[in-house]
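Engineer: Okay, handing you the structure first.
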Amino acid sequence: MNLWTPQTGNNGNGWQYTYASDKIRGFKQTHQPSPWMNDYGMFSIMPVTGKAVADQDGRASWFSHKAEIAKPYYYSVYLADHDVTTEITPTERAAYFRFTFPKTDSAFVVIDAFDKESYVEIIPSQNKIIGYTTKYARGRLKNFKNYFVIQFDRPFTSTGTWVDKDITRGSLKLLEQKNSGAIVGFAVSKRGEKIQARVASSFISQEQAEINLKEIGNRNFDQVAAAGRNTWNKTLGTIKAESKNTDQLRTFYSCLYRMVFFPNKLYEIDAKGKIMHYSPYTGEVLPGYMFAGTGFGTLFAHSIPS
């Protein structure tokens, strides 16, 4: 239903990741079919150290492709300016983040809900952040929201919300037209200590985002990654290509990998096990399947009644 990407471009830039770039601003949930169509329902997560800084320029970190691993089911990169390694492994509607920090009492994770209208709420008693983003680049969408939930594995040592570059300590709720989000702090007692976060989203409701988070279940990061590897092996293994030229095989399977990105599954499974979807045509939540998006420079949505 969504994908995750390191973000090198500015918020709103359709060229969200370019190989020639050397700074990452965050790790973005994306539904983007192409750079020309741009994105919708996006938000990002970024670890920082030393100083609580939230805006996309201040939090950006230099990185090298030599310290970057990109696989269909797993991504990892070392953020040099913050001395943090970020790892991500996904399910269909959720993702598992693992941040490896240095020893510090000033470790932070920034949530960027982008501009237009965004909502964030920090729930310290549950080590949780919830919210939604209404950001989209094309069309006229009624009642559009991408609800998200971020569940951390440890308590926060500090909390704050932010608008543009201004951070307000201890504020738990924020609704803004400007670029806004949340920032939470942690104390890391030894180098190599890991902070983990499980993330999910929904186009239907905040409650449905919590249901979608259950895709991860009680599995740990490595178990989710292993399941993703099996899924991609099965998917790419549906076609057997043979060649004595390794580069040709790499090209073929790289193209197959990209081809199956779209259309996105925009339907969700509710608490009663029913197939439901948000309709971009009416702004209603309706029964049945919904698929959307193609990477060929156009955008389509197709619903199938249940």
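Engineer: Net charge near Ala271, counting Lys/Arg +1 and Asp/Glu -1 over other residues with Cβ under 15 Å of its Cβ?
Structural biologist: Net charge in that neighbourhood comes out at -1.
Engineer: Take the Cα coordinates of region 3-224, assign each an equal point scatterer, and use the Debye formula without solvent to give log10 I(q)/I(0) at q = 0.18 Å⁻¹.
Structural biologist: Here the Debye-derived log intensity ratios amount to -1.48.
Engineer: Let me ask you something else. So how do Ile111, Ile167, Ile216 line up by other beta-carbon neighbours within 10 Å, fewest first?
Structural biologist: If I rank by nearby Cβ atoms, fewest first, I get Ile167, Ile216, Ile111.
Engineer: Over all directions, average the projected area of the Cα convex hull of region 21-64 and note it in nm².
Structural biologist: For region 21-64, averaging the hull's shadow over all directions gives 3.9 nm².
Engineer: For the pair Asp153 and Asn230, what calculated FRET efficiency results from E = 1/(1 + (r/R0)^6), where r is the Cβ-Cβ distance and R0 = 22 Å, to the nearest 0.05?
Structural biologist: Given R0 = 22 Å and the Cβ-Cβ separation, E is 0.35.
Engineer: Thr30: net charge of surrounding residues, Cβ under 15 Å, Lys/Arg +1, Asp/Glu -1, itself excluded?
Structural biologist: +4
Engineer: Treat every Asp and Glu Cβ in the chain as -1 and every Lys and Arg Cβ as +1, leave all other atoms uncharged, and give the resulting dipole magnitude about the Cα centre to the nearest 20 debye.
Structural biologist: The dipole magnitude comes to about 480 debye.
Engineer: At 7 Å along the Cα-to-beta-carbon direction for both Glu207 and Asn13, put a label point, then send me their distance in nm to one decimal.
Structural biologist: Going from the Glu207 label point to the Asn13 one covers 4.1 nm.
Engineer: Another question about this same structure. Quick one: order Met42, Met37, Met259 by neighbouring beta-carbon count within 10 Å, fewest to most.
Structural biologist: Met259, Met37, Met42
Engineer: Follow-up question, since we're still on this one. Which of Phe203, Phe186, Phe261 comes first, and how do the rest follow, when ranked by fewest Cβ neighbours within 10 Å?
Structural biologist: By the 10 Å Cβ count, ascending: Phe261, Phe186, Phe203.
Engineer: In nm, to one decimal, how far is the Phe261 label point from the Ile275 one, both placed 7 Å along Cα→Cβ?
Structural biologist: Each label point lies 7 Å from its Cα, and together they span 2.5 nm.
Engineer: Of the options Ala227, Asn179, Tyr281, report the single residue whose Cα projects farthest towards the positive end of the charge dipole of region 176-283 (beta-carbon charges: Lys, Arg +1; Asp, Glu -1).
Structural biologist: Ala227
Engineer: Net charge near Glu68: determine it from the other residues with C-beta under 13 Å of the C-beta of Glu68, scoring Lys and Arg +1 and Asp and Glu -1.
Structural biologist: My count for the surroundings of Glu68 gives +1.
Engineer: Also: For the pair Asp105 and Asp57, what calculated FRET efficiency results from E = 1/(1 + (r/R0)^6), where r is the Cβ-Cβ distance and R0 = 35 Å, to the nearest 0.05?
Structural biologist: 0.90
Engineer: Still on this structure, please answer the following. Could you tell me the calculated FRET efficiency between Phe252 and Ser64, based on Cβ-Cβ distance and R0 = 22 angstrom, to the nearest 0.05?
Structural biologist: 0.20
Engineer: Students often forget the sequence filter, so: which lysines lie under 26 Å Cα-Cα from Lys178 once same-chain residues fewer than 8 apart are removed?
Structural biologist: Correct list for Lys178: Lys23, Lys28, Lys51, Lys116, Lys128, Lys135, Lys142, Lys145, Lys165.
Rule-based calculations on the coordinates, nothing more; no lab input. Nothing here was measured: the structure is a model prediction, and the numbers come from that model. So basically every Cβ, Gly included, is an ideal-geometry build from the backbone, and we count neighbours across all protein chains shown.
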